[in-house]
Amino acid sequence: MTTERQSIHGQWSSRWTFILAATGAAVGLGNIWKFPYLTGEHGGSAFVLVYILCVAALGIPMMMAEVMLGRRGRETPVNTMRHLAKEIHTSPHWQLVGWAGTVAGVLILSYYSVIGGWTLAYILYSGVGTFSGASGEAVSNLFGKFVGNPIGLLAWHTAFMIITMFVVARGVKSGLEKAVQWLMPALFVLLLVLVGYAMTTGFFLKGLAFLFTPDFSRLSGSGMLAAMGQAFFSLSLGMGTIMIYGSYLPKGISIAQTSVSIAVVDTLVALMAGIAIFPIVFANGLEPGAGPSLIFETIPVAFGNMAGGTLFGTLFFVLLLIAAWTSSISLIEPAVTLLIEKYGMTRLHAAFWSGLITWALGLGTVFSFNIWSESTLFGLNFFELLDYLTSNLMLPLGGIFIAVFAGWLMTKETSKSELSMKGEVGYKIWQILIRYVAPVAVLIVLCNAIGLL
Ligand code: PHE
């Protein structure tokens, strides 16, 4: 009998809890806040098409690879990569992939938390009826005032970091899994309500056309990079989150099936958000390319003008908060487990220190919406630079290394037995995607976007 190694940080109780936790990590602000605004900025359908292609051809095989590495290593990504490299007698420098991912998680959370703070504030605004009957213009003005005040943003960012670290300090398993079980379906239902409202605006078809009419003339190199980066971001790939979640996964659970389910749910949520939001954008004469403010300017208008909107609007932002919360916890998990494994800290101390550093970095994002909004590098402010660096560069690059490691360096026997797919064909498809398609496609898109091709 083989003795199964377990992570010192714990293990999921079932396949279902893993799916919930990983879906919780995947579905977040990326789906509801970022996907619609990126789609708007990059002109709609072409972006959506590349995005879906990236999820199918790169995202799913990459997710399988990460879960597989995590489950085999059963440690924080840095140590997992180090040990797996040792197992196959290759360079210990592969641990750098783990380091880069861990840093990417901290960098992403530093701005993610600021936006998470916005959702907290919007729960309050909707709850007291601020948006009731409000026009698109009034809602936009309010948003401008809100982000223009650094002290307010700082307070909301701090509050969001505190609730995140509170859960992280206690370990992910007890509270969160249970919450996600109810809250994710509820978020889905509320999105359906919003889609229903969007249908009544008279601009529903225009919204659909914007999202789905193929228009390849709009396919720019930077749009393709953004779509690919967003696929990595939305599925939480390329940085070790899925690896660490995989390290808590019991043996004998199908990695392929779970990965496909997570990717499908994640994509459906993003598409539904787009289908709900663009008709409202057009009906109110708002700008689809408005950027990060997009959903904070459209959703309040929709709820402000429907019966029971105060209640539903508040509920919507509560659910968005939960989605952001379950993702933010996963973003910091590689850093927290690293501090525990490498420096012997308790979970509480590890949570405190990683949280503090992330919070401090977040100040840059807070100020980039107001007092530093004019300070730019390559035309991007601090927040935009951080987002570009992480989503568009660090995650796809991390993805290439993970693909090469899993596809080329790991032995076929190991990956085959870890993935334990039923048919030979499934394994072959995965192998082709992870060996050739993923690294080559990511490289081409990257080089094209930075002007090398
Ligand atoms: N996938 C999350 C979202 O869409 C963000 C995230 C990225 C979480 C990377 C973990 C790791 O909001």
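A few points about this structure:
- Helix 77-87 and the longest principal axis of the C-alpha atoms of the chain enclose an angle of approximately 30°.
- Length gained when the stretch K416-M306 is fully extended (0.36 nm per residue, less Cα-Cα span): 34.3 nm
- ³J(HN,Hα), Karplus 6.51/-1.76/1.60, whole Hz, each residue of the stretch 157-169, x for Gly, Pro: 4, 4, 4, 5, 4, 5, 5, 5, 5, 4, 5, 4, 4
- Angle between the chain longest axis and helix 294-304 axis [Cα atoms, degrees, rounded to 10]: 50
- Spin-label pair L377/R170, simplified geometry with 7 Å Cα→Cβ offset, distance in nm: 3.8
- Spin-label model, I162/L443: points 7 Å from Cα along the beta carbon direction are separated by 4.9 nm.
- Considering helices alone, the calculated mean residue ellipticity of the chain at 222 nm is -23000 deg cm²/dmol, with DSSP H runs of length four and up weighted by -39500 (n - 2.57) and normalised per residue.
- Relative packing of 418-428, 198-208, 348-358, which averages over residues the other C-beta atoms within 10 Å, highest first: 348-358, 198-208, 418-428
- The 3J(HN,Hα) values that the Karplus relation (6.51, -1.76, 1.60; θ = phi - 60°) gives for the stretch 272-282 are, in residue order, 4, 4, x, 5, 6, 7, 5, x, 5, 4, 5 Hz. Gly and Pro appear as x.
- Here the chain was treated as a single set of alpha-carbon atoms; its pair distances binned every 20 Å from 0 give 26, 59, 14, 0 percent.
- Equivalent ellipsoid dimensions for the stretch 1-101 as semi-axes, Å, which come from the Cα gyration tensor, largest first: 32, 18, 12
- Rg over Rh for the stretch 365-413 works out to 1.33, using Cα positions for both radii and the Kirkwood form for Rh.
- Taken over the stretch 306-367, the convex hull of the Cα atoms encloses 99 Å³ per residue.
- Note: relative contact order over the stretch 2-449, using C-alpha pairs below 8 Å and six or more positions apart, is 36 percent.
No value in this document is a laboratory result; all are computed from the given coordinates. No experiment lies behind these values; they were computed from the predicted model shown. Please note: Cβ atoms are built from the backbone with ideal geometry, for glycine as well, and neighbour counts cover all protein chains shown.
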